[in-house]
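Here is the structure we will look at, set down as structure tokens.
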Amino acid sequence: MLEIRNLHVKLEEEDKAILKGVDLTVEAGKVHAIMGPNGSGKSTLAYVLSGRDGYEVTDGSATLEGKDILEMEPEERAAAGLFLAFQYPVEIPGVGNMTFLRTAVNAQRKARGEEEMSSGDFLKLVREKAKALKIDAEMLKRPVNTGFSGGEKKRNEILQMAMLEPKMCILDETDSGLDVDAMKLVSDGVNALRDAGRGFLVITHYQRLLNHIQPDVVHIMAGGRIVRTGGPELALEVEENGYADILGAEVA
Amino acid sequence: MQSRRQRIDEQKRGLAEKRLAAVSLPAGGAWATAARQEARQRLLDAGLPVRQDEYWRFTNPGLFTDAGVAAAELLPADDREAVFAGVDCLRIVFVDGVFDAARSGDLAAAGIEIERLADAATRDIHWARELYGKLEAQCQSPVARPLATLNTATAGDGLVIRVGKPVERPVSVSYLRKDAGAEAVLHHVIRLEPGSRLTLLEDGPGAARFSSVAEVEVGDGAAFHHVRVQGRDHGRQAVTALFVRLGTASVCKSFTLTANGRLTRNEVMAELTGREGVLHVAGAAVGDGTAFHQDDTVFITHAAERCESRQVFKKVLRRGAVGVFQGKILVHPEAQLTDGYQISQALLLDESCQFLAKPELEIYADDVKCSHGSTSGAIDPDMLFYLRARGIGIEEAQRLLVLAFLAEALDEIEDDTLAEEIRRRLAGWLERHRA
Ligand SMILES: Nc1ncnc2c1ncn2[C@@H]1O[C@H](COP(=O)(O)OP(=O)(O)OP(=O)(O)O)[C@@H](O)[C@H]1O
Ligand SMILES: [Mg+2]
């Protein structure tokens, strides 16, 4: 599904290398988790994959179902099936959440040569998905993320993911700021989307999320590289001992 | 030796003389002629504006003060529906400033007192004489409004409207063009008796050079709603002045959309004279190209306690367009518990555009709440990326964000149908003026 080869990324504005040769393959139907210390480059990886400005790829490649995504515009990547649940969802005053969702759904359909969704079908679908995430009608009417609590913003990300049904989902610390119940809602939302044709890359600091969303593979990122890869037990090891042992062994 | 100020004053008076010499005073009845002559004298004393005047630093008044009119190409007709075409209203049409009876509805059957200024001026006794040129003259201090005085002196037509009850059906005035070099000068006088209500709609490019003044008296408990769309001809020049006097617990809400135009100056001078008055003035302006210059100049006087005023002005500028906002809130000592709000913002779609803002607060009462803010900036790159990351193409994402930026100004329009009409017009403009 997603293949990242020897990806090197530096900041566009300054000579600062952030990703220093990331290799990672997420297969369809699998959930991969990435853990790693603050500042190790996890969000940068997510942003570079989704096409945010400000970064320069100096080496390596990234493909989605064999297509080079690094050459695409952000909206083309989205239409190709890539989705990023933001670590910090952006507030957009003046754009209604519903307008935003409908515009996004139809823009992607159009880009794929599909027909637009009728407003009736759209409304039905939004209501159903929102209900599962306990997002009420009032929140749907409000401007995108504006004045939402941290947890509400994260649930709104999952709602967008549920509506857009992407092939490759990248979740950047979707668990941060969630209370216990919201964590369950969000995890259920993600698990409902687990499917043989869909890949997940879940960035998190905590084993707690991985109790709900069972990963197939766990990676540790440090200093802009994947320094270790293992099964779910690797997350437990981090939870127990922190990164010192792993980093000591691999990096120093 | 003459001082610099004396030299400037002389120049201003010289401009007024030249300008007045180029126009003939309209024919009319006794009271109107007297009012016009009085205004003419005031203008000869005060002179026309020049760049050195404090409130003309950001906008060159030359096109308004020149004796000759700069022609403005007529926008080719397109198949777009006329503005407010879907609204049930009394329709009145002026073409190049000349009343067009054939295209206008029947004024006599409107259910309100409404007639042409040209007709009202022929009668010796008329209620409009108590207002014509009077609010305008009162508002010459502390800041002179000489172009409005010029209008009072030279306007040959306009509308006089008196409303005695709540009127649901709006009055809509369209200012159309036929002649590429025409000048139009219109002057409206509107009186809302206590407890009454009126919605006034205005649209159109007006004339190559267009001047309009409206003097509006809003009686106690009355409500005046005003929505205006200044049309699209690129070369047109317009100067407008809205004078409003608000009584106790009265409401005035005025919104203007300015699209295109070479030079537009919209002035609003409003005075809250009775307690608990509510005054909202808002505007959205969209301009593309170095030839676009749009100016909102507002002066709000709080002369009574517990009144609320809001100014919300948003401008979207691209390719060298220039936007100006000068807004002042003056709070008299007796106007305790004033609630004043002012925001002016420009969205610069590229680095060649300019937004010039002069927000002012002058407060002599101690127990008031007044806030003001002014910003200009580009489209937020994080917002743009967020929308694109969801699959929304860059152009559509930009349009969404521009409309979102304008939303606060559009929210000032009370009627949802009218607000939606304005939103559609803006969306159409953005569609035609893409990056
Ligand atoms: N636009 C930028 N300008 C300057 N530094 C940046 C920028 N983007 C990323 N960095 C730096 O790159 C490094 C990696 O940042 P990144 O946000 O990818 O880390 P992270 O692994 O997601 O951390 P966290 O766990 O705290 O979210 C950090 O040192 C960060 O300061
Ligand atoms: Mg991060």
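The values are calculated or read from the model by the stated rules, or taken from the named source; none is laboratory data. Please read all numbers here as calculations on a predicted model, not as lab measurements. In this analysis, Cβ positions are derived from the backbone assuming ideal geometry, glycine residues included, and neighbour counts consider all displayed protein chains. Just so you know, the surface numbers come from the protein's heavy atoms only, side chains and all, with ligands and any DNA or RNA stripped out. Shrake-Rupley method; radii C 1.70, N 1.55, O 1.52, S 1.80 Å.
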Practice prompt. Hey, could you check segment A:25-55 for residues that are under 15 Å from the mean Cα position of the chain (by Cα) and on the phi > 0 side of the Ramachandran plot and say which is farthest from ligand 2 (Cβ to nearest atom)?
Written response: A:G51
Worksheet entry | Residue tally, condition away from ligand 2 (no atom under 15 Å from the Cβ) and of a type in the set (D, E), over segment A:142-168 | 2
Worksheet entry | Evaluation of B:A137 against (1) open to solvent by less than 70 Å² (accessible area, probe 1.4 Å); (2) out of contact with any helix residue (DSSP H, G or I) (no Cβ under 8 Å at 6 or more places or on another chain); (3) of a type in the set (A, V, I, L, M) (one fails), failing number | (2)
Worksheet item: Would a scan of segment A:215-229 turn up a residue that is within 16 Å of the chain's Cα centre (by Cα) and not in a strand (DSSP E or B)?
Response: yes
Discussion item. I'd like to check something: does segment A:2-9 contain any residue that is away from chain B (no Cβ under 14 Å), under 24 Å from A:D175 (Cα atoms) and touching a residue at least 12 places away in the same chain (Cβ under 8 Å)?
Written reply: yes
Worksheet item: Would segment B:115-130 turn up any residue that is basic (K, R), buried (at least 16 other Cβ atoms within 10 Å of the Cβ) and assigned to a loop (DSSP other than H, G, I, E, B)?
Response: no
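Considering only segment B:372-390, state which residues are open to solvent by 10 Å² or more (accessible area, probe 1.4 Å) and facing chain A (nearest Cβ under 10 Å). Walk me through how you get there before you give the answer.
From segment B:372-390, those open to solvent by 10 Å² or more (accessible area, probe 1.4 Å) are B:372-385, B:388; that's our starting set.
Across segment B:372-390, the qualifying residues are B:D380, B:P381, B:D382, B:M383, B:L384, B:F385, B:R388.
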Worksheet item: Taking segment B:158-198 on its own, how many of its residues are open to solvent by 40 Å² or more (accessible area, probe 1.4 Å) and part of a strand (DSSP E or B)?
Response: 6
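Check whether at least one residue in segment B:293-305 is hydrophobic (A, V, I, L, M, F, W, C), in a strand (DSSP E or B) and in contact with a Gly (Cβ under 7 Å, 6 or more places away or on another chain), and report yes or no.
Start the filter on segment B:293-305 by keeping residues that are hydrophobic (A, V, I, L, M, F, W, C), which leaves B:298-300, B:303-304.
If we keep only those that are in a strand (DSSP E or B) as well, we get B:298-300.
Narrowing further to those that are in contact with a Gly (Cβ under 7 Å, 6 or more places away or on another chain): B:298.
Yes, because at least one residue in segment B:293-305 is hydrophobic (A, V, I, L, M, F, W, C), in a strand (DSSP E or B) and in contact with a Gly (Cβ under 7 Å, 6 or more places away or on another chain).
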Discussion item. For segment B:101-124, give me each residue that is of a type outside the set (K, R) and in contact (Cβ under 8 Å) with a residue 24 or more places away in the chain.
Written reply: B:A110, B:G111, B:I112, B:E113, B:I114, B:E115, B:L117, B:A118, B:A120, B:A121, B:T122, B:D124
Worksheet item: So is A:V202 within 16 Å of ligand 2 (Cβ to nearest atom), of a type in the set (V, I, T) and away from chain B (no Cβ under 13 Å) or not?
Response: yes
Discussion item. Can you pull out every residue in segment A:33-74 that is away from ligand 1 (no atom under 14 Å from the Cβ), in contact (Cβ under 8 Å) with a residue 60 or more places away in the chain and open to solvent by less than 10 Å² (accessible area, probe 1.4 Å)?
Written reply: A:A62, A:L64
Practice prompt. Looking only at segment B:269-292, count how many residues are in a strand (DSSP E or B) and either within 21 Å of B:K369 (Cβ to Cβ) or basic (K, R) (or both).
Written response: 8
Worksheet item: Considering segment A:87-104 alone, what residues qualify as being open to solvent by 20 Å² or more (accessible area, probe 1.4 Å), aliphatic (A, V, I, L, M) and at the interface with chain B (Cβ under 7 Å from one of its Cβ atoms)?
Response: A:V90
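Table: residues versus (1) among the β-branched types (V, I, T); (2) in contact (Cβ under 8 Å) with a residue 40 or more places away in the chain; (3) in contact with a strand residue (DSSP E or B) (Cβ under 8 Å, 6 or more places away or on another chain).
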{"site": "A:I203", "(1), (2), (3)": "yes, yes, yes"}
{"site": "A:Y206", "(1), (2), (3)": "no, no, no"}
{"site": "A:I213", "(1), (2), (3)": "yes, yes, yes"}
{"site": "A:V217", "(1), (2), (3)": "yes, yes, yes"}
{"site": "A:R228", "(1), (2), (3)": "no, no, yes"}
{"site": "A:G231", "(1), (2), (3)": "no, no, yes"}
{"site": "A:D245", "(1), (2), (3)": "no, no, no"}
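For segment A:1-16, enumerate the residues that are hydrophobic (A, V, I, L, M, F, W, C) and more than 16 Å from ligand 2 (Cβ to nearest atom). Talk me through it step by step, then tell me what you get.
Quick first cut of segment A:1-16, residues hydrophobic (A, V, I, L, M, F, W, C) only: A:1-2, A:4, A:7, A:9, A:11.
Across segment A:1-16, the qualifying residues are A:M1, A:L2, A:I4, A:L7.
For the structure I just gave you, tell me whether B:T273 is open to solvent by 10 Å² or more (accessible area, probe 1.4 Å) and in contact with a His (Cβ under 8 Å, 6 or more places away or on another chain).
Details: open to solvent by 10 Å² or more (accessible area, probe 1.4 Å): yes; in contact with a His (Cβ under 8 Å, 6 or more places away or on another chain): no.
The answer is no for B:T273.
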Discussion item. Let me spell it out: the conditions are (1) open to solvent by 10 Å² or more (accessible area, probe 1.4 Å); (2) within 17 Å of the chain's Cα centre (by Cα), and B:V286 meets all of them except one. Which number is the exception?
Written reply: (1)
Fill in: The lone exception for B:V93 - which of (1) open to solvent by 20 Å² or more (accessible area, probe 1.4 Å); (2) part of a strand (DSSP E or B) it fails
(1)
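If I filter segment A:115-124 for residues that are among the basic types (K, R) and open to solvent by 20 Å² or more (accessible area, probe 1.4 Å), do I get at least one hit? Write out each step before concluding.
Step one: filter segment A:115-124 for residues among the basic types (K, R), giving A:124.
If we keep only those that are open to solvent by 20 Å² or more (accessible area, probe 1.4 Å) too, we end up with A:124.
Checked against the condition, which is being among the basic types (K, R) and open to solvent by 20 Å² or more (accessible area, probe 1.4 Å), segment A:115-124 yields at least one hit.
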Worksheet item: Can you pull out the residues in segment A:51-77 that are of a type in the set (G, A, S), touching a Lys or Arg at 6+ places or on another chain (Cβ under 6 Å) and within 14 Å of another protein chain (Cβ to nearest Cβ)?
Response: A:G51
Response to the item:
All conditions in (1) hydrophobic (A, V, I, L, M, F, W, C); (2) under 24 Å from A:R109 (Cα atoms); (3) open to solvent by less than 10 Å² (accessible area, probe 1.4 Å); (4) away from ligand 2 (no atom under 16 Å from the Cβ) are true of A:L171 except (4)
Practice prompt. Answer yes or no: is there a residue in segment A:192-207 that is surrounded by 16 or more Cβ atoms within 10 Å (Cβ to Cβ), touching a helix residue (DSSP H, G or I) at 6+ places or on another chain (Cβ under 7 Å), modelled with pLDDT under 85 and farther than 30 Å from A:T58 by Cα.
Written response: yes
Fill in: Filter pass, A:L171 being within 16 Å of ligand 1 (Cβ to nearest atom), within 14 Å of chain B (Cβ to nearest Cβ) and outside any helix (DSSP H, G or I)
yes
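Working only within segment A:1-16, note down all residues that are surrounded by 14 or more Cβ atoms within 10 Å (Cβ to Cβ), within 16 Å of ligand 1 (Cβ to nearest atom) and aliphatic (A, V, I, L, M).
Here is the first cut: in segment A:1-16, the ones surrounded by 14 or more Cβ atoms within 10 Å (Cβ to Cβ) are A:1-5, A:7-10.
When the remaining residues are screened for being within 16 Å of ligand 1 (Cβ to nearest atom), the result is A:4, A:7-10.
Of everything in segment A:1-16, those that are surrounded by 14 or more Cβ atoms within 10 Å (Cβ to Cβ), within 16 Å of ligand 1 (Cβ to nearest atom) and aliphatic (A, V, I, L, M) turn out to be A:I4, A:L7, A:V9.
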